[in-house]
Amino acid sequence: MNEHAVVVVGAGPTGLMLAGELGLAGVDVVVVERRAGQEVAGSRAGGLHSRTIEVLDQRGIADRFLAQGTTAQVAGFAGTPLDISDFPTRHPYGLALWQNHIERLLAGWVRELGVSVRYGHDVTGIAQDGTGVDVELSDGRRLRARYLVGCDGGRSRIRKASGIEFPGWDPTTSSLLAEVELTEEPEWGIHQDVVGKHAFRPPQDGGPVGVMVTEHQVGPGREPTLRDLREALVAVYGTDFGVHSPSWITRFTDMTRQAASYRDGRVLLAGDAAHVHAPDGGQGLNTGVQDAVNLGWKLARVVEGTTAEDLLDSYHAERHPVAARVLRSTMAQVALRRPDDRVRAVGETVAELLSMDEPRRRYAAMMSGLDIHYDLGAGHPLLGRRMPDLDLRTADGPARVYPLLHGARPVLLDLGAPGGVDIGPWADRVRLVTAAHRGSWELPVLGPVPAPTAVLVRPDGHVAWVGDRTTSGLEEALTTWFGPPSRARAVSGDRTGRVP
């Protein structure tokens, strides 16, 4: 039996991001994936929203993705585009990039961190006890982990084996997506009828034809076949256009479900294993990646023993409401695209409202992930929100906030008089940086906020404590998130503001 601190099941974007987070922290983690390799069948998700790009920037890898994709205004609600070009972020855009490229880039990063990804390994069973989890693999081998994280998709075996309930709503509509060859030329572009939307994308560079067709009846839960695609095309167009030689076929529905709990003892869930919904708005992959970044540093602190296990409860407390909001949003968007004159009138009304500046800002911030707010109690508007990537002045020259987070280590920014704050017995876990910032502090939707004199930034980029000419509550915040104080004292270098 091979023993590891953490076993991650699933090498999709969520699992790979989590593996990278744990790898940065030096945690003994292994990823197991049932696919034979990293190759992704089908286009699947097609891009990254602004906040996810920021998260990648916090780890120093955003440029890899930006170099491979196309920046564009991708945020939208029920077909209404939402421009975020005026938002206070270094990335006021989304990124058009297919999931196969996203996974390839994340897999490369994970390899650089020395994390092992074992392909062709299907999990057939799990059993947890008070000290860990036994993981049975399809080849008869077993793994032992202190913690197991299921990132294995909407049909998650880990979720089912752990007995975590998955309440929600059954699908009301389904569509088939495919890349195929045709013997008859169709009418290219998007077509809508009383059933829904259908589309044909012309071949690119001699490649296959892209097809989307809405099914008259909700398709079965199994993997779709060429016969399913032919029958759906005939039902809509009266012909199947001689469809043959599919590269891939997949079915998506508006099934909407969320795990009742993201944690059962030593088993945790992230990404589609924890929440599934219609693809409207393109938030699924992004929500999963951000799940991983929220969980990764917490799990690392618990594994290394500096923080109590109940820190893991904050993962569910913070991320469950975020996904619940995504589910509500996608359900609303699905309802607004129904082919009904009365629903269409509602959609036109919503589109008119979203053309106004204030609704546009609110919904654009929600769809792009820039307004996420974890409830950490009352206080400064920054508390629980994403830290802006400010331009700083340090003893070693100009710097930015996000590069300070490249190592997934918490940072206490001292922005007041030098020596105003002291992390003392947390110096082995928290980096203290003395810096100055000139200019306003601005958050999406909220606008300008009062400039603090000190900020405690968690590894996921969210603000855990804000100082305003006082250090009241700092020790409590440090203890809550990073464990009780140790005897180690800060050395002088920790207070110089040096940026690696």
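The values are calculated or read from the model by the stated rules, or taken from the named source; none is laboratory data. Values in this document were obtained by computation on a predicted structure and should not be read as measured data. Cβ coordinates were reconstructed from backbone atoms using ideal geometry, including for glycine residues, and neighbour counts include every protein chain displayed. Surface areas here come from the heavy atoms of the whole protein model, side chains and all, with no ligands, DNA or RNA. Shrake-Rupley method; radii C 1.70, N 1.55, O 1.52, S 1.80 Å.
For the range 132-280, give the percent of accessible area contributed by carbon and sulfur heavy atoms, probe 1.4 Å, rounded to a whole number.
Numbers: 3340 of 6980 Å².
Its accessible area is 48 percent carbon and sulfur atoms.
From the Cα gyration tensor of the range 1-58, with a ≥ b ≥ c the square roots of its eigenvalues, which class applies: rounded if a/c is under 1.5, or else prolate if a/b is larger than b/c, or else oblate?
Details: a/c = 3.80, a/b = 1.25, b/c = 3.03.
Note, shape of the range 1-58 comes out oblate.
Among the trypsin sites (Lys or Arg not before Pro) within the range 368-447, which fall in a DSSP loop and have no more than 16 other Cβ atoms within 10 Å of their own Cβ?
On the way: sites: R385, R386, R393, R400, R429, R431, R438; in loops: R429, R438.
Passing both the DSSP loop test and the Cβ count: R438.
Which translational diffusion coefficient, to the nearest whole µm²/s, is obtained for the range 165-213 from the Stokes-Einstein equation, given a Kirkwood hydrodynamic radius over C-alpha pairs, 37 °C and 0.692 mPa s? Walk me through the numbers before you get to the answer.
Details: Rh = 12.7 Å.
Value of D from the Cα-based Kirkwood radius: 258 µm²/s.
Tell me the relative contact order for the range 270-336 as a rounded percent, counting alpha carbon contacts under 8 Å between residues six or more apart. Please list the in-between numbers first.
Values: 43 pairs, mean separation 27.5, N = 67.
Relative contact order for the range 270-336 comes out at 41 percent.
For the range 194-284, what does the accessible surface come to per residue with a 1.4 Å probe? Please give it in Å².
Values: 3840 Å² over 91 residues.
Averaged over the residues of the range 194-284, the accessible area is 42 Å².
How many angstrom lie between the Cα centre of the range 332-352 and the Cα centre of the range 236-285?
Measuring centre to centre over Cα atoms gives 23 Å.
Could you check what % of the DSSP bridge pairs in the range 134-293 are antiparallel, to the nearest 5? Walk me through the numbers before you get to the answer.
Values: 30 of 33 bridges.
Antiparallel bridges make up about 90 percent of those DSSP assigns within the range 134-293.
Which of rounded, prolate or oblate describes the range 185-233 when judged by the alpha-carbon gyration tensor and an a/c cut-off of 1.5? Walk me through the numbers on the way to the answer.
Numbers: a/c = 2.69, a/b = 1.37, b/c = 1.97.
Because a/c hits 1.5 or more and a/b fails to exceed b/c, the range 185-233 counts as oblate.
Do you know the relative contact order of the chain, to the nearest whole percent, from alpha carbon pairs under 8 angstrom that are 6+ apart? Could the numbers behind the result be given before it?
Details: 1026 pairs, mean separation 80.7, N = 500.
16 percent.
Rolling a 1.4 angstrom probe over the protein heavy atoms, how many square angstrom per residue are accessible across the range 362-453? Spell out each step's value before the answer.
Working: 3580 Å² over 92 residues.
In whole numbers, the range 362-453 has 39 Å² accessible per residue.
Using the alpha-carbon atoms, what tilt in degrees (0 to 90, nearest 10) does helix 284-304 show relative to the longest principal axis of the chain?
For helix 284-304, the angle is close to 40 degrees.
Considering only protein heavy atoms and a 1.4 Å probe, what is the carbon-and-sulfur percentage of the accessible area of the range 1-128?
With neighbouring chains kept in place, the figure for the range 1-128 is 47 percent.
Find the relative contact order for the range 158-279 and round it to a whole percent, using C-alpha pairs within less than 8 Å whose residues are 6+ positions apart.
About 36 percent, as a whole number.
Could you please put R360, R458, R141 in sequence from largest to smallest accessible area, using a 1.4 Å probe?
On the way: R360 30, R458 0, R141 125 Å².
Sorted descending by solvent-accessible area, the residues read R141, R360, R458.
Tell me the angle of helix 313-336 to the major Cα principal axis of the chain, expressed in degrees between 0 and 90 and rounded to the nearest ten.
The two axes meet at around 30 degrees.
With angles folded into 0 to 90 degrees, how steeply does helix 357-368 sit against the dominant principal axis of the chain? Use alpha carbons for both and round to 10.
Its long axis makes an angle of about 90 degrees.
Charges at C-beta only: +1 for Lys and Arg, -1 for Asp and Glu. How large is the resulting dipole of the chain about its Cα centre, in Debye rounded to 20?
Working: 53 positive and 62 negative charges, 215 e Å.
Result for the chain is approximately 1040 debye, rounded to the nearest 20.
As a test of reading the structure, rank S85, S261 by solvent-accessible area (1.4 Å probe, protein chains only), most first.
Values: S85 70, S261 40 Å².
The residues order as S85, S261, largest area first.
Enumerate the whole-percent occupancy of each 10 Å bin, from 0 to the last occupied one, for all C-alpha pair distances of the range 413-466.
Calculated over all Cα pairs of the range 413-466, the distribution is 21, 52, 23, 4 percent.
In debye, nearest 20, what is the charge dipole magnitude of the range 83-198 about its Cα centre with +1 on Lys and Arg Cβ and -1 on Asp and Glu Cβ, if you could check?
On the way: 13 positive and 18 negative charges, 196 e Å.
Dipole about the Cα centre, nearest 20: 940 debye.
Residues with amide H under 5 Å of G94's amide H, sequence separation 5 or more or different chain, H placed in the peptide plane at 1.01 Å from N; which?
Here the answer is A72, Q73, V74, A75, since their amide H atoms fall under 5 Å of that of G94.
Once a ≥ b ≥ c are taken as the square roots of the eigenvalues of the Cα gyration tensor of the range 326-382, is the result rounded (a/c under 1.5), prolate (a/b larger than b/c) or oblate (a/b not larger than b/c)?
Numbers: a/c = 3.70, a/b = 2.06, b/c = 1.79.
Prolate shape, in that a/c is at least 1.5 and a/b is the bigger ratio.
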